[in-house]
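Step one of this worksheet: look at the structure below.
The values are calculated or read from the model by the stated rules, or taken from the named source; none is laboratory data. Quick caveat, the model's predicted, so the values are computed rather than measured. Because the Cβ atoms are built from the backbone with ideal geometry, glycine has one as well, and the counts that use them run over all protein chains shown.
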């Protein structure tokens with residue numbers, strides 16, 4: 001996945017939002033971390049991987065992918081805010097279930113919240129990309145969906161969202 005390109009595209013949206021909402025000198029990382037946690041919860045909800053009490057299946061792949069790229073926007077944005085964009089991603093694997101992988105990510109986000117280090121940030125990235133593979137998303141699907149959602153986000157700004 002071309003992270004350099006993703007960071008470049010995300011920086012344009014972030015700069016626009018900061019400029020248009022007068023947020024240039026505000027520390028938004030705590031808000032973005034909470035937004036990431038909320039979006040990750042929404043993603044888990046769409047997969048229904050934890051709903052042992054229900055027979056209903058997951059949402060469509062498109063719905064799940066859209067929630068996934070909502071998380072991606074915030075991971076990128078946090079990295080930009082903290083200048084953590086020169087990152088070496090590792091292709092990790094594990095035997096965790098989908099529900100366990102969501103829990104792993106929540107734990108890693110909480111650790112990062114306590115200490116903004118490259119190691120913590122890399123762990124989030126590695127497990128987020130692993131989650132994408134566990135959801136059977138290709139890098140191309142993720143990238144294209146990210147581009148589409150980025151257009152939606154710019155349109156929302158045009159409309160005063």
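Of everything listed in (1) touching a residue at least 60 places away in the same chain (Cβ under 8 Å); (2) surrounded by 16 or more Cβ atoms within 10 Å (Cβ to Cβ); (3) under 22 Å from residue 141 (Cα atoms), the single unmet condition for residue 33 is (3).
Inclusion of residue 51 among residues that are out of contact with any helix residue (DSSP H, G or I) (no Cβ under 6 Å at 6 or more places or on another chain), farther than 19 Å from residue 1 by Cβ and not in a helix (DSSP H, G or I) is warranted. Quick check, is residue 100 closer than 19 Å to residue 120 by Cα, more than 15 Å from the chain's Cα centre (by Cα), part of a helix (DSSP H, G or I) and without any contact (Cβ under 8 Å) to a residue 60 or more places away in the chain? So residue 100 fits the description; yes. Annotation note: of 62, 70, 95, the sole residue that is part of a helix (DSSP H, G or I) and more than 15 Å from the chain's Cα centre (by Cα) is 62. The single condition among (1) surrounded by 15 or more Cβ atoms within 10 Å (Cβ to Cβ); (2) without any contact (Cβ under 8 Å) to a residue 24 or more places away in the chain that residue 142 does not satisfy is (2). When each of 85, 93, 107 is tested for being closer than 17 Å to residue 37 by Cα and either surrounded by fewer than 18 Cβ atoms within 10 Å (Cβ to Cβ) or out of contact with any strand residue (DSSP E or B) (no Cβ under 8 Å at 6 or more places or on another chain) (or both), the lone residue that passes is 107. Among residues of the range 123-137 that are at positive phi and in contact (Cβ under 8 Å) with a residue 60 or more places away in the chain, those with a Cβ under 8 angstrom from a residue that is surrounded by fewer than 19 Cβ atoms within 10 Å (Cβ to Cβ) and in a helix (DSSP H, G or I), sequence gap 6+ or separate chain, pair up as 136/61.
For every residue, the table says whether it meets (1) within 22 Å of residue 103 (Cα to Cα); (2) in a helix (DSSP H, G or I); (3) at pLDDT 95 or above.
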{"position": "10", "(1), (2), (3)": "no, yes, yes"}
{"position": "13", "(1), (2), (3)": "no, yes, yes"}
{"position": "32", "(1), (2), (3)": "yes, yes, yes"}
{"position": "40", "(1), (2), (3)": "yes, yes, yes"}
{"position": "55", "(1), (2), (3)": "yes, no, yes"}
{"position": "58", "(1), (2), (3)": "yes, no, yes"}
{"position": "79", "(1), (2), (3)": "yes, yes, yes"}
{"position": "84", "(1), (2), (3)": "no, no, yes"}
